[in-house]
Amino acid sequence: MNKRELKLFKELLLDRRVELLREATRSVDGMAGDKENFPDPTDRAALEFNRNFMLRIRDRERKLITKIDEALERIEDESYGLCEECAEQIGVERLKARPVTTLCIDCKAAQEAQEKKHSA
């Protein structure tokens, strides 16, 4: 992978990281102001459901931030874009679709087939 492509992916990852952190801050601020006491149990249940749903989303985003940080580390140590299973180059199109990936498409397909086999 050339330096121009690495720079592009680094910028993409950094932008996504900033976006996720901004959303997390907005969610926390929104929840802090969410102290209404609803006398109707249905309204309270809906609020709690929405809050739990938002927390699950934020947890997934927290995990994504960790993966973004790991991808940025791989860019710095020049291992970004190499499959951790077979050590072959991961296709640029795959990286564009999922910039935090650590597996080439063939290794990922094999991993999913193995997981499917074990879950059945």
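The values are calculated or read from the model by the stated rules, or taken from the named source; none is laboratory data. All of these numbers come straight from a predicted model, not from anything done at the bench. Glycine also receives a Cβ, built like all others from the backbone with ideal geometry; neighbour counts cover every protein chain displayed. Ligands, DNA and RNA are excluded from the accessible area calculation, which covers all protein heavy atoms including side chains. Shrake-Rupley method; radii C 1.70, N 1.55, O 1.52, S 1.80 Å.
For this structure, a couple of remarks:
- Residue check for ASP15: modelled with pLDDT of 95 or more, part of a helix (DSSP H, G or I), under 17 Å from the mean Cα position of the chain (by Cα) and more than 30 Å from ALA110 (Cα to Cα): yes
- For region 19-41, filtered to residues that are open to solvent by 80 Å² or more (accessible area, probe 1.4 Å) and modelled with pLDDT of 90 or more, the residue that is farthest from PRO99 (Cα to Cα) is ARG22.
- Selection from region 43-60 of residues that are over 29 Å from GLU73 (Cα atoms) and either at pLDDT below 90 or touching a Ser or Thr at 6+ places or on another chain (Cβ under 8 Å) (or both): ASP43, ARG44, ALA45, ALA46, LEU47, GLU48, ASN50, ARG51
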